[in-house]
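Rule-based calculations on the coordinates, nothing more; no lab input. Just so we're clear, the structure is a prediction, and the values are computed from it rather than from any experiment. All Cβ positions, even for glycine, are placed from backbone atoms using ideal geometry, and neighbour counts span all protein chains on display.
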Amino acid sequence: MLAGGYPLVYLDSANTSQKPQVVIDTMVDHLERHNANVARAMHQLGAEASEAFESARDKVAAFIKAPSRDEVIFTKNASEALNLVANTLAWATGDLAIGAGDEVVITEMEHHSNIVPWQLLTERKGATLRWFGLTDDGHLDLSNIDELVNERTKVVSLTWVSNMLGTVNPVAEIARRAHEVGAIVVVDASQAAPQLPVDVVAAGADLLAFTGHKVVGPTGIGVLWGRREVLDQLPPFLGGGEMIETVRMERSTYAGIPHKFEAGTPPIVEAVGLGAAVDYLSAVGMEAIHAHEQAVTGYALEGLATVPGLTVLGPLDPTQRGGAISFELDGVHPHDIAQVLDSRGIAVRAGHHCAKPAHARFGVQSSTRMSSYLYTTPAEIDALVEGLEYTRSYFKVG
Amino acid sequence: MTNQDLDALYQEIILDHYKHPHHKGLREPFEAEVHHVNPTCGDEVTLRVHLDGDVVSDVSYDSVGCSISQASASVMTDLVIGRKVDEALAIHEEFLTLMQGRGSVEPDEDVLEDGIAFAGVAKFPARVKCALLSWMAWKDATAQVMEESH
Ligand SMILES: Cc1ncc(COP(=O)(O)O)c(C=O)c1O
């Protein structure tokens with residue numbers, strides 16, 4: 001219950017998900033009974049903590065079907081994972097090196113976390129940043145793919161599922177073209193990992209990032225998966241404890257993956273919580289979660305279509321989209337919509353959802369976004385639709 | 001939050017200014033133009049200031065944003081246009097104090113006029129930035145003009 005006596009209707013799961021009890025309990029249990037630093041403590045508790053931390057890596061590897069557990073690197077969040085890639089590519093030598101005349105391709109529907117690191121990289125290296133545009137119905141415009149992804153392309157980085165438009169992108173198809181020209185493929189799976197069964201190899205990714213807090217895990221933990229050959233070629237990101245093989249005053253040699261990219265004490269209990277989270281999702285079944293998401297999204301699209309003056313941004317076919325639905329309501333600003341909905345216990349997001357270019361593409365400055373997850377019920381969608389009707393009457397539109 | 005809180009936030013005066021904003025549109029002449037953005041929500045204002053000696057002769061603006069930010073720009077122009085710069089800055093201070101008071105400051109209608117309608121906004125920390133966007137833009141632009149004339 002929230003202030004005002006309304007039950008919570010949480011429709012902001014694309015922002016962050018709510019946590020199942022097992023995740024909370026696992027984290028509390030770890031802190032109460034197994035807390036020590038990992039890898040460097042020579043005592044029983046240290047062994048327990050290391051075991052819990054490394055078994056979380058196994059769970060994540062299984063969750064994304066990684067060929068090897070060592071290819072799973074823990075980061076702080078998806079943003080850090082993407083920045084890790086863009087930064088180490090800036091320092092890379094050999095095949096992966098990026099320089100003047102080279103091109104990096106992204107898309108117009110990226111989250112800022114998958115735009116800004118590439119802007120920084122291309123600016124620093126004198127390379128060129130290019131992007132796939134969007135069609136009016138919110139899909140990637142692939143009509144110029146063969147020109148856009150060409151022999152100068154070194155990296156293609158794209159989101160699997162859009163956090164604003166909900167669009168599910170044909171990642172494997174784009175990866176095929178990228179690999180034809182020798183580019184590496186970076187996939188932002190922040191919105192895909194919560195909703196779709198993920199198989200990193202089938203997706204065609206060379207590197208793939210997601211964030212723990214959107215897959216019912218805690219904040220403070222993210223994942224970067226990479227193909228071993230690519231990770232081995234990339235130089236270290238941060239220097240410090242754990243990432244070394246040996247250190248002398250003149251120079252050091254580095255640990256192998258994954259530790260090469262995990263300097264310092266990692267987010268231990270967060271990783272343990274993430275392990276419990278992905279196990280929870282796997283036990284429910286990602287196929288079942290995906291089916292639920294499509295059903296709720298379809299129901300929501302039908303309900304939203306009954307609200308006069310409401311326009312959905314992005315694909316209208318629930319089988320082609322994820323669970324985030326952004327929309328506009330004639331005559332009422334998203335901020336005001338969110339405020340009125342909040343007064344009825346309904347939590348949505350208002351603003352640009354860290355996707356300003358995608359909003360600009362559709363000529364809107366901001367939108368309201370509802371996003372569902374495995375715990376969302378049709379009754380909650382009904383509450384949203386009623387809340388939107390109430391919003392229209394409150395602002396005397398229509 | 002209750003319905004009373006909602007009604008305290010969305011006073012009639014605010015909704016009136018939102019639907020029929022005063023002094024909106026960009027005009028000549030002006031000595032400074034600024035562009036301010038609320039990075040969390042994307043609300044934007046482009047604002048021009050025209051000073052005539054030490055008098056705020058005109059403030060014109062173009063903006064996109066929520067009812068609170070739009071109404072606040074409208075009320076702000078009503079309050080500062082035609083005043084001496086130091087008087088207008090004092091009103092700015094008074095409005096800032098009201099907004100930052102978390103609902104504990106009693107607004108002075110003699111000074112703030114329609115601005116008192118924003119007292120309810122102060123209880124919504126997420127919306128205070130909306131109410132302050134154009135005021136901050138005005139202060140910034142005015143400071144730029146003053147600097148140049150020195
Ligand atoms: C598509 C996408 N990429 C990246 C992110 C960034 O995630 P985080 O803020 O946890 O790094 C998000 C979430 O906000 C997202 O939706």
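Distance from the alpha carbon centroid of region A:113-147 to that of region A:334-363 works out to 25 angstrom. A Förster distance of 56 Å, applied to the separation of the beta-carbon atoms of residue B:83 and residue A:229, puts the FRET efficiency at 0.25. Counts of other chain beta carbons within 10 angstrom of each beta carbon in peptide B:60-67 average 3. If R0 equals 51 Å, the separation of the Cβ atoms of residue A:295 and residue A:146 corresponds to a calculated FRET efficiency of about 0.85. Counting neighbouring Cβ atoms within 10 Å and putting the fewest first, the residues A:307, B:145, A:9 line up as B:145, A:307, A:9.
Net charge near residue B:10: determine it from the other residues with C-beta under 13 Å of the C-beta of residue B:10, scoring Lys and Arg +1 and Asp and Glu -1. Its environment carries a net charge of -2.
For region A:95-191, a simple Cβ point-charge model (Lys and Arg +1, Asp and Glu -1, everything else neutral) yields a dipole of about 340 debye relative to the Cα centre. Annotation: extensible slack from residue A:28 through residue A:347 equals 112.1 nm (criterion: 0.36 nm per residue apart, minus Cα-Cα distance).
Over every Cα atom in the protein assembly as shown, the radius of gyration and the widest Cα-Cα span, Dmax, amount to 26.1, 78 Å. Per residue of A:327-334, other chain Cβ atoms within 10 Å of the residue Cβ number 2 on average. With each label modelled as a point 7 angstrom along the Cα→C-beta vector, the residue A:244-residue A:201 pair spans 3.6 nm. When only the Cβ of Lys, Arg, Asp and Glu is charged (+1, +1, -1, -1), the dipole of chain A relative to its Cα centre reaches about 660 debye. Dipole of region A:265-398 computed with +1 at Lys/Arg Cβ and -1 at Asp/Glu Cβ about the Cα centre; of A:363, A:393, A:326, farthest Cα towards the positive end is A:363. Can you give me the angle between helix A:378-394 and the longest principal axis of chain A, using Cα atoms only, in degrees from 0 to 90, rounded to the nearest 10? Here the helix axis deviates by roughly 60 degrees.
Between the helical axis of A:78-91 and the longest alpha-carbon principal axis of chain A there is an angle of about 40 degrees. Angle, helix A:44-63 long axis vs. longest principal axis of chain A, Cα atoms, 0 to 90°, nearest 10? Between the helix axis and the principal axis of chain A, the angle is about 60 degrees. Computed from label points 7 Å out along Cα-Cβ, the spacing between residue A:65 and residue A:265 is 3.8 nm. Per-residue mean of foreign Cβ neighbours for B:6-19 is 2 (Cβ atoms of other chains, 10 Å radius). Does a label point 7 Å from the Cα of residue A:100, set along Cα-to-beta-carbon, have any residues of region A:119-134 with amide nitrogen under 17 Å, and which are they? Under 17 Å, as judged by backbone N against the label point of residue A:100, lie A:122-129 of region A:119-134.
Here each label is just a point 7 Å from Cα along the line to Cβ, and for residue A:375 and residue A:39 those points are 3.3 nm apart. Taking Cβ atoms as reference points and 12 Å as the exclusive limit, the residues near residue A:387 contribute a net charge of -3, counting Lys and Arg as +1 and Asp and Glu as -1. The ranking of A:111, A:179 by Cβ neighbour count inside 10 Å, starting from the fewest, reads A:179, A:111.
With the charge dipole of chain A set up from +1 on Lys and Arg Cβ and -1 on Asp and Glu Cβ about the Cα centre, the Cα lying farthest toward the positive end among the listed residues A:100, A:290, A:274 is that of A:100. With only the Cα atoms considered, chain B has a convex hull volume of 100 Å³ per residue.
By the count of neighbouring beta-carbon atoms within 10 Å, fewest first, A:219, A:153 end up ordered A:219, A:153. Farthest toward the positive end of the dipole of region B:41-150, out of B:112, B:57, B:137, is the Cα of B:137, where the dipole comes from beta carbon charges about the Cα centre.
Rounded to the nearest 20 debye, the dipole magnitude of chain B is 580 debye, with +1 charges on Lys and Arg beta carbons, -1 on Asp and Glu beta carbons, and the Cα centre as origin. First select every other residue whose beta carbon is under 15 angstrom from the beta carbon of residue A:21; then total the charges, Lys and Arg +1, Asp and Glu -1. With Lys, Arg at +1 and Asp, Glu at -1, the neighbours total -2.
Applying 1/(1 + (r/R0)^6) with r as the Cβ-Cβ distance of residue A:137 and residue B:109 and R0 = 60 angstrom yields a FRET efficiency of 0.70.
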